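**Student:** I'd like to ask some things about the structure below.
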Amino acid sequence: MDCIICGSSDLELLDIQNKYYHCQDCEVIFLDPAERVAQAEEKERYEGHDNNHQNEGYVKMFEDFIEELVEPNINLENINDVLEFGCGPGPVLADLLEAKELEVDRYDPYFFPEKVFVDKKYDLITSTEVFEHFSDPIKEMKLLTSHLKENAYLAVMTSFHPGPEEFEDWWYKWDSTHIVFYNQKTFSKIASDFGLEIIYTDQKKYILFKA
Ligand SMILES: [Zn+2]
């Protein structure tokens, strides 16, 4: 098997039920594709999430995303069209962005499956708690970057993995639909492959790319 991000064959099989690979080059950690849960089960898991406006913690997560990543780094006066990619069943972030006078398209393969982004380009694409679910992150990056205007932004939230030693006890992988975990080096590789600039990252969960 080769790395799903950089194609390297230099993979270390982590000693955790022998099912996670750690790329020695781009440092991504990913679940053995043979272990992935079936899509039907995946949708059930998402529906089990309490992802709506009634859940205060869930709303706070997106308010923080806007306050810590979006607003300090992007002049929203220059942003017209936004795509919320993978918005889930209760599109909280899309609603919060619309409250800031932005036009926001919603897309989610399960809950808002209409491909509203076809033939459109955006000033900003947000994708929160989505990248960890990608079975083929490069394919998804190709799709996302093809819908960015020049100088547009791709704002991502996903928890950066803590390294192979601490991975065994790391809570984020307990969700069986979380199958790929990035760090700074992984995202730098992705940025360089797609001609993107990294404008901001806290190296924990936020990363902002510019086309
Ligand atoms: Zn790699």
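The values are calculated or read from the model by the stated rules, or taken from the named source; none is laboratory data. Predicted model only: the values in this text are computed from it and were never measured. Please note: Cβ atoms are built from the backbone with ideal geometry, for glycine as well, and neighbour counts cover all protein chains shown.
**Student:** Against the conditions (1) within 21 Å of Leu208 (Cα to Cα); (2) at pLDDT below 95; (3) among the acidic types (Asp, Glu), where does Glu132 fall short? Just the number, please.
**Tutor:** Here Glu132 clears every test but (2).
**Student:** Next up: What residue, among those in the stretch 126-164 that are of a type in the set (Val, Ile, Thr) and out of contact with any helix residue (DSSP H, G or I) (no Cβ under 7 Å at 6 or more places or on another chain), is nearest to Tyr46 (Cα to Cα)?
**Tutor:** By that ranking, first place goes to Val130.
**Student:** Let me ask you something else. Taking the criterion of being in a helix (DSSP H, G or I), surrounded by fewer than 16 Cβ atoms within 10 Å (Cβ to Cβ) and within 16 Å of the chain's Cα centre (by Cα), would at least one residue in the stretch 200-210 satisfy it?
**Tutor:** Scanning the stretch 200-210 turns up no residue that is in a helix (DSSP H, G or I), surrounded by fewer than 16 Cβ atoms within 10 Å (Cβ to Cβ) and within 16 Å of the chain's Cα centre (by Cα).
**Student:** Taking the stretch 119-172, which residues are among the small types (Gly, Ala, Ser), surrounded by fewer than 20 Cβ atoms within 10 Å (Cβ to Cβ) and under 20 Å from Glu103 (Cβ atoms)?
**Tutor:** Correct list: Ser146 only.
One line per residue, one yes/no per condition, for (1) over 18 Å from Cys26 (Cα atoms); (2) touching a Ser or Thr at 6+ places or on another chain (Cβ under 7 Å); (3) not in a helix (DSSP H, G or I):
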| position | (1), (2), (3) |
| --- | --- |
| Glu101 | yes, no, yes |
| Tyr110 | yes, no, yes |
| Lys115 | yes, no, yes |
| Asp119 | yes, no, yes |
| Met141 | no, no, no |
| Asn151 | yes, no, yes |
| His161 | no, no, yes |
| Asp169 | yes, no, yes |
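**Student:** While we're here: How about the stretch 13-36: which of its residues are within 11 Å of the ligand (Cβ to nearest atom) and touching a helix residue (DSSP H, G or I) at 6+ places or on another chain (Cβ under 7 Å)?
**Tutor:** His22, Cys26, Glu27, Val28, Ile29 - these are the residues of the stretch 13-36 that are within 11 Å of the ligand (Cβ to nearest atom) and touching a helix residue (DSSP H, G or I) at 6+ places or on another chain (Cβ under 7 Å).
**Student:** Enumerate the pairs (first residue in the stretch 138-165 and over 17 Å from Lys204 (Cα atoms); second residue anywhere and in a loop (DSSP other than H, G, I, E, B) and modelled with pLDDT of 95 or more) with beta-carbon separation below 6 Å, excluding pairs fewer than 6 apart on the same chain, so at least 6 apart or on different chains.
**Tutor:** Sorted first by the residue in the stretch 138-165, then by its partner, the pairs are Glu140/Phe134; His147/Phe117; His147/Lys121; Leu148/Ala211; Lys149/Lys121; Ala152/Ala211; Tyr153/Ile74.
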